[in-house]
Amino acid sequence: MSGSYQFISFCIIVLGALLIIYGERKFPYVKGQKLFRKGFFEDFVSYTVIQSYIAGLIIASIINSLQKYSIFRDVSFFTNTAIWIQCILFFLIHDFYIYWFHRLQHKLPILWRIHEAHHSSHEVDWLSGSRSHIIEILVNQTVEFAPIILLGAAPEVALFKGTIDAVWGMYIHSNIDVKSGKLQYVFNGPEMHRWHHANEEEAIDKNFSTKLAIWDWIFGTAYFPPNKQPIKYGLTKNYPQTFIGQLFHVFRYRQ
Ligand SMILES: [Zn+2]
Ligand SMILES: [Zn+2]
């Protein structure tokens with residue numbers, strides 16, 4: 001695949017980020033929230049730039065090794081399938097997978113360890129979604145990217161996935177006062193996802209969906225109260241706020 005596709009993907013992500021930042025300044029949900037808030041450096045430099053880069057290299061090498069031993073290495077299951085159908089197919093499968101894995105992460109203490117960093121931000125904005133432990137990224141992205149490559153999908157599918165993940169991830173965490181009405185029952189946005197990060201008792205273990213809200217509505221985990229706003233976000237207990245602290249907190253002994 002030509003580098004120009006990768007360049008287009010990069011431009012879409014940067015443009016998406018700029019539009020979302022503009023939306024946050026113009027139509028803020030939490031008024032007075034700053035762009036350069038506490039933790040901005042950790043989320044941008046440590047998580048978005050450095051960790052993403054390192055995780056990308058590790059995932060690529062895992063998938064390369066898997067490819068060497070894959071029984072499917074000489075087969076392509078998608079030769080006669082249009083690229084847009086492949087994109088929709090993987091989009092649906094990934095979104096369904098991540099709903100259930102996310103739910104499991106909130107249920108099993110061992111998986112919660114690798115997910116709690118994502119809930120540690122006290123301010124939810126376009127950048128806060130980037131805060132995910134590297135083990136969580138390695139597990140999810142290997143599970144999601146490996147079949148695309150091993151089953152012989154078009155390279156554009158992986159690029160489409162990377163681009164849409166980045167933009168949608170920024171959108172659902174954004175501090176924009178989005179009111180999408182009935183669309184929120186289908187497409188997930190900040191209206192429901194900010195409740196996933198809220199401290200309120202009634203919002204705990206709700207709204208696990210990432211892109212399609214339908215999973216929460218189908219499987220009974222939706223929380224979407226009208227005319228109500230979360231008061232506090234983040235973890236209630238003492239949790240390290242630095243990247244290094246969060247990186248090693250996973251391995252701490254707990255009783
Ligand atoms: Zn969660
Ligand atoms: Zn989130």
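The values are calculated or read from the model by the stated rules, or taken from the named source; none is laboratory data. Predicted model only: the values in this text are computed from it and were never measured. Counting neighbours? That spans all protein chains shown, and the Cβs are built from the backbone with ideal geometry, glycine included.
Observations on the model:
- Within the option set Val139, Val157, being within 22 Å of Tyr5 (Cα to Cα) and either away from ligand 1 (no atom under 16 Å from the Cβ) or assigned to a helix (DSSP H, G or I) (or both) holds for one residue only, Val157.
- Scanning segment 189-248 for residues that are surrounded by 13 or more Cβ atoms within 10 Å (Cβ to Cβ), at positive phi and among the polar types (S, T, N, Q) yields a single hit, Asn207.
- Cβ separations smaller than 8 Å between residues 6+ apart or across chains give the following pairs from segment 104-117 residues that are at negative phi to residues that are within 13 Å of ligand 1 (Cβ to nearest atom) and of a type in the set (Lys, Arg): Ala117/Arg131.
- Hits in segment 160-178 (condition: over 16 Å from Leu15 (Cβ atoms) and within 16 Å of ligand 1 (Cβ to nearest atom)): Ile172, His173
- Residue match in segment 115-125 (condition: part of a loop (DSSP other than H, G, I, E, B), of a type in the set (A, V, I, L, M, F, W, C) and over 30 Å from Gln241 (Cα atoms)): no
- Exactly one residue out of Arg25, Arg73 is basic (Lys, Arg), over 22 Å from the mean Cα position of the chain (by Cα) and modelled with pLDDT of 95 or more, and it is Arg25.
- Every condition in (1) under 28 Å from Tyr53 (Cβ atoms); (2) in contact with a Ser or Thr (Cβ under 7 Å, 6 or more places away or on another chain); (3) without any contact (Cβ under 8 Å) to a residue 24 or more places away in the chain; (4) not hydrophobic (A, V, I, L, M, F, W, C) is met by Asp165 except one, and the failing one is (2).
- Residue in segment 213-222 that is in a loop (DSSP other than H, G, I, E, B), among the acidic types (Asp, Glu), within 14 Å of ligand 2 (Cβ to nearest atom) and farther than 30 Å from Phe77 by Cα present: no
- For segment 133-183, taking the residues that are surrounded by fewer than 21 Cβ atoms within 10 Å (Cβ to Cβ), within 21 Å of Tyr47 (Cα to Cα) and among the hydroxyl-bearing types (Ser, Thr, Tyr), the one that is nearest to the chain's Cα centre (by Cα) is identified as Thr163.
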